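Written out below as structure tokens is the structure these notes cover.
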Amino acid sequence: MEAPGASPDQDADLESMEQVRRGEAAGAARLFQRYAAPLLRFTGRILGDPAEAEEITQDVFLKLMVRADQYDGRAPVASWLFAIATNACRDRLRRTVRRPSVALEAVTEIREPGIAADERLARRQRREAVRRALSELSLEQREALVLARYHGMAYAEIARTLDISEGAVKTRIFRAMETLKAHFSEGDSSWNAARL
């Protein structure tokens with residue numbers, strides 16, 4: 001079941017999945033420890049509601065334990081977990097039938113020692129502007145962009161996670177970046193992707 005050229009992290013994840021399949025709680029605990037925070041950040045950015053994001057993240061780990069036998073090892077465990085989270089977020093958004101917004105509190109602010117108060121304020125305002133702009137993207141664009149920019153996934157891995165082609169990933173990210181560029185360029189010709 002091990003993928004050729006698997007990383008040590010993937011090897012550890014595969015061993016944890018085997019433990020989950022055998023009913024050993026240690027495997028699920030290790031996967032929870034490794035992926036709970038990234039999944040919570042992802043679901044928070046997609047749903048815009050910290051309470052719903054926490055609930056979805058917990059559901060992902062319940063599904064992990066119940067559906068461990070469905071994992072076939074073709075994709076990294078992380079991709080499989082993010083795919084479960086993506087589908088759960090889509091289901092939640094369909095049920096609530098509302099335009100999702102990204103809550104400003106969804107991502108905790110990290111204190112930066114040695115940074116002047118006015119610079120911290122400017123950075124915080126920039127982050128808040130980015131969060132508001134992300135909430136204006138379509139769900140499909142936001143999913144692809146968040147996985148690429150905030151979770152560092154390669155396009156091929158995003159394609160597996162979202163069950164779309166790599167070309168579709170590129171298109172969604174391109175369109176998302178164009179929308180963000182238009183949003184931030186209004187009155188400011190110095191916008192670039194690094195501001196995300």
Inside region 123-168, the number of residues satisfying the requirement of being under 21 Å from D91 (Cβ atoms), crowded, with 16+ Cβ neighbours inside 10 Å and without any contact (Cβ under 8 Å) to a residue 60 or more places away in the chain is 9
Checking D9, D13 in turn, the sole residue that is modelled with pLDDT under 95, assigned to a helix (DSSP H, G or I) and crowded, with 20+ Cβ neighbours inside 10 Å turns out to be D13
Among (1) in a helix (DSSP H, G or I); (2) over 15 Å from the mean Cα position of the chain (by Cα); (3) in contact (Cβ under 8 Å) with a residue 40 or more places away in the chain; (4) surrounded by fewer than 19 Cβ atoms within 10 Å (Cβ to Cβ), where does Q19 come up short?
(3)
Identify all residues within region 20-50 that are touching a Phe, Trp or Tyr at 6+ places or on another chain (Cβ under 9 Å) and either closer than 23 Å to A148 by Cβ or of a type outside the set (V, I, T) (or both); write none if there are none.
R21, A28, L31, F32, Y35, A36, P38, L39, R41, F42, R45
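Residue-by-condition table, conditions (1) β-branched (V, I, T); (2) assigned to a loop (DSSP other than H, G, I, E, B); (3) at pLDDT below 90:
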position: D69; (1), (2), (3): no, no, no
position: A75; (1), (2), (3): no, yes, yes
position: S79; (1), (2), (3): no, no, no
position: A83; (1), (2), (3): no, no, no
position: E112; (1), (2), (3): no, yes, yes
position: D118; (1), (2), (3): no, no, yes
position: L121; (1), (2), (3): no, no, yes
position: V130; (1), (2), (3): yes, no, yes
position: Q141; (1), (2), (3): no, no, no
Within the set of pairs 6 or more residues apart or between chains, which connect a residue that is of a type in the set (F, W, Y) and in a helix (DSSP H, G or I) inside region 27-52 to a residue that is modelled with pLDDT under 95 and surrounded by fewer than 18 Cβ atoms within 10 Å (Cβ to Cβ) with Cβ atoms less than 8 Å apart?
F42/Y150; F42/H151
Specify which of the listed residues (L147, L104) is at pLDDT 90 or above and touching a helix residue (DSSP H, G or I) at 6+ places or on another chain (Cβ under 6 Å).
L147
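The values are calculated or read from the model by the stated rules, or taken from the named source; none is laboratory data. The structure displayed is predicted, hence computed values, not measured ones. Glycine also receives a Cβ, built like all others from the backbone with ideal geometry; neighbour counts cover every protein chain displayed.
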